[in-house]
Amino acid sequence: MYFGTRNDEATSFRLLDIFVDAGGFFIDTANIYTHWVEGYKGYESEALLGRWMKARKNRPRLFIATKVGFEIPYYGVQRGLPAATILQECDTSLRNLGVETIDLYYAHCDDPNSPLEESLQAFDRLVKAGKYAPSVPATIRHGAWRRRAGQAGRMAGVNSAACSSDIRTSIPGRVQAFPRRSL
């Protein structure tokens, strides 16, 4: 997502307006977007989306997803999913987006180095604090890790992983529409 970087603010706002006017409502971003573009540091996409939602006053019509897990070198954010990173980056994303609640908070990558129970408990804390709306706390990409997350979540008494960032909802003839907050 190059909103706020390669796509300037006016162009980004126009593209987002066209998307919403056409019936779109699911907007996916990440804290790292787009630190890899020369001259940018990360968080630019979330911040632009926050300015756009504020200007358009359209937050109630949108489903906002964002992710955590990859490194953001400029800000010293390390790759991984330890609880402290999940919690801190959620607060940063909330500020950047200018919202009180994120509809879907993804783990952008798997983290074999952080205890899975710790990561799941951090996502669960966010749900209980009302910072993250649905009861689907993590994205798990790989089958074995997904199974471990489900087992760990049950053992820890928290919500376990239930969605994957590699799901495609734009396959012709197979588009799945998700009403706001009903995942």
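No value in this document is a laboratory result; all are computed from the given coordinates. Since this is a predicted model, take the numbers as computed values, not measurements. Quick reminder, even Gly has a Cβ in these numbers, built from the backbone with ideal geometry, and neighbours come from all protein chains shown.
Using the per-residue mean of other Cβ atoms lying within 10 Å as a proxy for protection, in what order, highest first, do the peptides 81-89, 20-28, 119-127 fall?
Values: 81-89: 19.2, 20-28: 13.3, 119-127: 22.4.
For the peptides 81-89, 20-28, 119-127, the packing ranking is 119-127, 81-89, 20-28.
Please compute the Cα-Cα pair-distance distribution of the stretch 1-67 with 5 Å bins starting at 0, giving whole percents from short to long.
Calculated over all Cα pairs of the stretch 1-67, the distribution is 4, 19, 30, 27, 15, 5, 1 percent.
Excluding same-chain residues fewer than 8 positions from LYS67, which lysines have a Cα within less than 22 Å of its Cα?
LYS41, LYS54, LYS128, LYS131
Out of the trypsin sites (Lys or Arg not before Pro) in the stretch 17-102, which ones are loop residues according to DSSP with at most 16 other C-beta atoms within 10 Å? Intermediate values should be presented prior to the final figure.
Values: sites: LYS41, ARG51, LYS54, ARG56, LYS57, ARG61, LYS67, ARG79, ARG95; in loops: LYS41, LYS57, ARG79.
When the trypsin sites (Lys or Arg not before Pro) of the stretch 17-102 are filtered for loop state and at most 16 Cβ neighbours within 10 Å, LYS41, LYS57, ARG79 remain.
Restrict the search to the stretch 55-117; then list the chymotrypsin sites (Phe, Trp or Tyr not before Pro) that DSSP places in a loop and that have at most 15 other Cβ atoms within 10 Å of their Cβ. Let's see the in-between values first.
Details: sites: PHE63, PHE70, TYR74, TYR75, TYR105, TYR106; in loops: PHE70.
For chymotrypsin sites (Phe, Trp or Tyr not before Pro) across the stretch 55-117 that sit outside H, G, I, E and B with at most 15 neighbouring Cβ atoms in 10 Å, the list is empty.
ASN58 label point, 7 Å along Cα→Cβ, cut-off 19 Å on backbone N: hits in the stretch 1-23?
Residues 1-5, 7-23 qualify, since their backbone N sits under 19 Å from the label point.
State, to one decimal in nm, how far the label point of ASN113 lies from the label point of ASP28, with both points 7 Å from Cα in the Cβ direction.
Distance between the two pseudo-spin positions: 2.6 nm.
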